[in-house]
Amino acid sequence: MSATAAILRNSVTRISAVILVFTLGASAWLAYRLDVSRPEVPSQEVLYLQTPRAVKIISLGYTGLAACIYWTRAVQYFGEKNVAKSKRFDLLQPLLDLTVSLDPHMVPAYEFGAIFLAQAPPYGAGMPDAAVKFVERGIHDNPTDWRLYYHLGFIQYIERHDYKAAADAFTRASDVAGHPAWMNAMPALMSQRAGDIETARVLWTRMYENAENEAMRKNAYLRLVALHVDDDVIHLEALTATYQQRTGNYPVGWREMIAAGLLKGVPVDPSGEPYRLAANGKVVVEDPARFPFITKGIPSGQKAAQTVTDESEKLLKNH
Amino acid sequence: MTTSRIGHIAYNTFREAVRDRVLYNLIFFALLLLASTPLFGKISIGLERIVLVNLGLTAVTIFGMLISIFIGIGLVSKEIDKKTLYTVLSRPVRRWEFILGKYFGLGLTLLVNTFFMAVGFLAALLYIAHGFQRSDVQLLGALYFIMLQFMVIIAITLLFSSFSSPMLSALFAFGYFVIGNFAEELRGAANLLDGVSRAIVLGISYLVPNFTAMNVISQVAHSEGITGALLLQNSLYAIFYSAAALSAAILIFENRDLK
Amino acid sequence: MSAIEISNLAKTYQVGFFRKTEKAALKNLTLEVHEGEIFGYLGPNGAGKTTTLKLLMGLMFPTAGTASILGRPISDPQVKRSIGFLPEQPYFYDYLTARELLEYYASLSDVPAKERSSRAQRMLDRVGLGGAANTQLRKFSKGMLQRAGIAQAIIHDPKIVFLDEPMSGLDPIGRREVRDLIQELNDEGKTVFFSTHILSDAETLCDRVAVLNRGELQGVGVVADLLAETVGKREVIWEGASTALDALGTKVKIVGDIARTVIDDRQADAAIDAIRHAGGRLKSLMPVQGALEDYFLKHTEPGAGAEVKSE
């Protein structure tokens, strides 16, 4: 091949190589931009069969089976959305509605809906009012199940902060036969210690003990862990304040606090990691990604976990 | 001269496609499916429009994709088998002009096909909705995005057919289409991994065509708007990605011995 | 200026997928074709003829060596304006009509738009396809396709026409027509470079030929020069007395009453006498025809054809 031939062949090759590198880079960057900027697409979020009547026709009368299918879909849908840190759960309510329309006695569906319709995204659909309606519907069809009253009270207390309505629901629960003994104490708890961390802890503990659904159990457990962390942080920050009052300075390390007799050892969070002392006596967790739901102890500039992360999975495994 | 040669190759490619029976079979099935979508609509009470838009636009996407791949894979290899490429390249036609001509020719074919399928789709919509509403303009946006997907798919098909057999090209291109629709899920999966494997999967997820962002079918089914920014970004993305695939095709084809 | 100048051109293929071995398709070819001549490029199947043409057309890239056409290196796009090419056994776009095909090729060769249709018609008339101008190529016979192929190679009035096996697959009439066309093109002053494995075509048409075997050039020259090596033989055919020439020690072929053998020129008189003496009747005594064939066989003999695969 002559010299000119080499150059001619190479010029096209060279130009296309440059274009290739540039355009591939540009398209990868655009793909990234699109990912970031695009509002979340409710992709494939269509319920082709929206009315129970249509589903009943299609299922040839096997409504129980159809209910199970929609129930499974609802749980999967929630799981996927939660993993995707979604802010929209458009189909959760229609899926649950369909499920209980097909089988009005599917109590787990009401329980599931009670928590996950009510909780704020990305832990739920953030629709506490719809959750209340949904559970009321469950109570209407299953008036003898104490757990539904309990869930109603739960939403009223935790999500809507309507302590009176909560107390009312718990009272109704204690009227139903077969309710556990601890239920009797709930109405009083509502009226005496409303808004307390301790009350929330009791509610979540009962939820944890009684949950039959794995997602609900995990959720309750992580709530309890978060309450624990919040509690620890409040307690420890009180101690650093005491230290500051005594010495005029905030402590720099736990050792000073131990030396001052305020602590017996280095305090650790539920994952076993020591708490960290930040400026001005603030106490923070080492890794907020481990603790969804915490409201205190979040290092400045960081966020609590938006969903159940690998780290919080470890907590669940260890418990 | 270069542009006129590219234009002639494009026109001849288009002419080949419209004289091919495979094309009409595919269009026939697409229109048949579109004609039957009102029936699907009837099943889901009160949802006709949403179901029709979803099914109709999905049908347009899938049939267009099939047309792109089936016609695209043979574009280069057929010309080599029949030795027609030899008579083309022994003229003042450069190899890259040939590739670009083929690309635009197939693009034109798809544009015309998509137009007819879109007309069929809108006719079906008119039949069940008895009229158009203002938000139906969004449907045109969705169709535009579908066309953008075709332009990307064609470029990819052309890339594969510039070095491999038609069968392999078809498999590659189809696989690419599927992966492209799961690009976002791939990124989600990457986030669950760590270290090197995470970097690799994440890298791949950004290099495969991102069709997810171009798929606004379910949004427009719910009459949700397409933003101007999305329009711009998707257009740029399709242009860049097609250009990347085409320059890779040219890179390979320029240096290939035509045995 | 020479029409084609090839110097030390070589092409090596990689063969096999897993275990790659190299196969030399063309070795060190140096060749010159003059302007205005009909040049025959001869060799058995697989000798490297098509490889040479593909290298010249820029369809493949040489492993070594250079080539130029009309003084320009083959990689120069300008070269393509002055050449026409007919590949071996082409099919063309069978969805086009003959006219569409030619107009398409004319446009690719940058023939001005207003001339395309008149030129297409003229070329079709010239190759005898004037009546089939609006027929799709899928309905064409092999001979018609070949003629359409020649028409596309000359639609842009090139100075040099390259034809790869233009007569193969044609019936005798078709071959005759193609031969006449090549002669006509040459009469117009075009250089014609064509490859063939059919010797008689080359012998009747070519000013000069090159003989190629297994990628190597065996000889180039004026047909008569090449033949000089092999002339001086005569074919004798006689009737009866089939053993008459046994004394000469040549191989005699006998079919019924007729005997046939090839002898040296010098032995001609002796042979005639011997046949007469033995009571045979001499039917013919001719200088050996197809002497190019002898040359060809001599240079391609050892195992040629048998193990050379097609390209």
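The values are calculated or read from the model by the stated rules, or taken from the named source; none is laboratory data. Predicted, not measured: the structure shown is a model, and the values here were computed from it. Here the Cβ is made from the backbone with ideal geometry for all residues, glycine too, and neighbour counts use every protein chain on show. Ligands, DNA and RNA are excluded from the accessible area calculation, which covers all protein heavy atoms including side chains. Shrake-Rupley method; radii C 1.70, N 1.55, O 1.52, S 1.80 Å.
Evaluate the stretch A:85-93: report whether one residue or more is away from chain B (no Cβ under 13 Å) and small (Gly, Ala, Ser).
Of the stretch A:85-93, the ones away from chain B (no Cβ under 13 Å) are A:87, A:89, A:92-93.
Now restrict to residues that are small (Gly, Ala, Ser): none.
The answer is no; no qualifying residue exists.
Of all the helices (runs of 4 or more DSSP H) wholly in the stretch B:193-259, which have at least 2 residues that are touching a Phe, Trp or Tyr at 6+ places or on another chain (Cβ under 6 Å)? Explain how you work it out, then say what you get.
Values: elements: B:195-207, B:217-221, B:228-254.
Because the criterion is at least 2 residues that are touching a Phe, Trp or Tyr at 6+ places or on another chain (Cβ under 6 Å), the helices (runs of 4 or more DSSP H) in the stretch B:193-259 that meet it are B:228-254.
Within the bounds of the stretch A:185-196, is there any residue that is open to solvent by less than 60 Å² (accessible area, probe 1.4 Å) and under 29 Å from A:TRP71 (Cα atoms)?
no
Of the numbered conditions (1) touching a residue at least 40 places away in the same chain (Cβ under 8 Å); (2) crowded, with 17+ Cβ neighbours inside 10 Å, A:LEU262 satisfies every one except a single condition; which is it?
(1) is the only condition that A:LEU262 fails.
Could you tell me which residue of the stretch C:30-75 is nearest to C:GLU165 (Cα to Cα), considering only residues that are touching a helix residue (DSSP H, G or I) at 6+ places or on another chain (Cβ under 7 Å), within 14 Å of another protein chain (Cβ to nearest Cβ) and of a type outside the set (A, V, I, L, M)?
Once the filter is applied, the top-ranked residue is C:GLY58.
When you scan the stretch C:23-40, do you find a residue that is in a strand (DSSP E or B), surrounded by fewer than 22 Cβ atoms within 10 Å (Cβ to Cβ) and among the polar types (S, T, N, Q), even just one?
Yes: the stretch C:23-40 contains one or more residues that are in a strand (DSSP E or B), surrounded by fewer than 22 Cβ atoms within 10 Å (Cβ to Cβ) and among the polar types (S, T, N, Q).
Checking the condition of a type outside the set (D, E, K, R) and open to solvent by 60 Å² or more (accessible area, probe 1.4 Å), which residue from A:TYR221, A:TYR243, A:TYR250, A:TYR208 passes? Before the answer, list the steps.
On the way: A:TYR221 fails: open to solvent by 60 Å² or more (accessible area, probe 1.4 Å); A:TYR243 fails: open to solvent by 60 Å² or more (accessible area, probe 1.4 Å); A:TYR208 fails: open to solvent by 60 Å² or more (accessible area, probe 1.4 Å).
Sole residue among the options that is of a type outside the set (D, E, K, R) and open to solvent by 60 Å² or more (accessible area, probe 1.4 Å): A:TYR250.
Among the residues of the stretch C:55-69, which ones are open to solvent by 30 Å² or more (accessible area, probe 1.4 Å) and either not in a strand (DSSP E or B) or not assigned by TED's automatic domain parsing to the domain that holds C:LEU29 (or both)?
Just the residues of the stretch C:55-69 that are open to solvent by 30 Å² or more (accessible area, probe 1.4 Å), to begin with: C:61, C:63-64, C:66.
Within the stretch C:55-69, C:PHE61, C:THR63 meet the criteria.
Report whether or not C:PRO112 is within 14 Å of chain A (Cβ to nearest Cβ), more than 20 Å from C:ALA148 (Cα to Cα), open to solvent by 20 Å² or more (accessible area, probe 1.4 Å) and without any contact (Cβ under 8 Å) to a residue 24 or more places away in the chain. Please lay out each step first, then the result.
On the way: within 14 Å of chain A (Cβ to nearest Cβ): no; more than 20 Å from C:ALA148 (Cα to Cα): yes; open to solvent by 20 Å² or more (accessible area, probe 1.4 Å): yes; without any contact (Cβ under 8 Å) to a residue 24 or more places away in the chain: yes.
No, not satisfied.
Got at least one residue in the stretch C:86-107 being in a strand (DSSP E or B), aliphatic (A, V, I, L, M) and crowded, with 19+ Cβ neighbours inside 10 Å?
Initial filter on the stretch C:86-107 (in a strand (DSSP E or B)): C:86, C:97.
Keeping just the survivors that are aliphatic (A, V, I, L, M) gives C:86.
Filter again for crowded, with 19+ Cβ neighbours inside 10 Å, leaving C:86.
Among the residues of the stretch C:86-107, at least one is in a strand (DSSP E or B), aliphatic (A, V, I, L, M) and crowded, with 19+ Cβ neighbours inside 10 Å, which makes the answer yes.
Suppose we keep only residues that are closer than 18 Å to A:ASP196 by Cβ and either in contact with a Gly (Cβ under 7 Å, 6 or more places away or on another chain) or small (Gly, Ala, Ser) (or both) within the stretch A:132-168. Which one would you say is surrounded by the fewest Cβ atoms within 10 Å (Cβ to Cβ)?
Residues of the stretch A:132-168 closer than 18 Å to A:ASP196 by Cβ: A:153-167.
Next, from what is left, pick out any that are either in contact with a Gly (Cβ under 7 Å, 6 or more places away or on another chain) or small (Gly, Ala, Ser) (or both): A:153, A:165-167.
Details: A:GLY153: 27, A:ALA165: 17, A:ALA166: 26, A:ALA167: 21.
The selected residue is A:ALA165.
Listed residues A:PRO121, A:PRO143, A:PRO108; which is assigned to a helix (DSSP H, G or I) and either closer than 19 Å to A:LEU224 by Cβ or of a type outside the set (Phe, Trp, Tyr) (or both)? Full working, then the answer.
Details: A:PRO121 fails: assigned to a helix (DSSP H, G or I); A:PRO143 fails: assigned to a helix (DSSP H, G or I).
Unique residue meeting the criteria: A:PRO108.
Do we have any residue at all in the stretch B:183-204 that's under 20 Å from B:ILE69 (Cβ atoms) and more than 9 Å from chain A (Cβ to nearest Cβ)?
So in the stretch B:183-204, the residues under 20 Å from B:ILE69 (Cβ atoms) come out as B:183.
The next check asks that each one be more than 9 Å from chain A (Cβ to nearest Cβ); those that pass are none.
No, that holds for no residue.
Mind listing just one residue for me: the one in the stretch C:124-167 that is open to solvent by less than 50 Å² (accessible area, probe 1.4 Å) and of a type in the set (D, E, K, R) and, of those, farthest from the other protein chains (Cβ to nearest Cβ)?
Per the stated criteria, the residue is C:ARG147.
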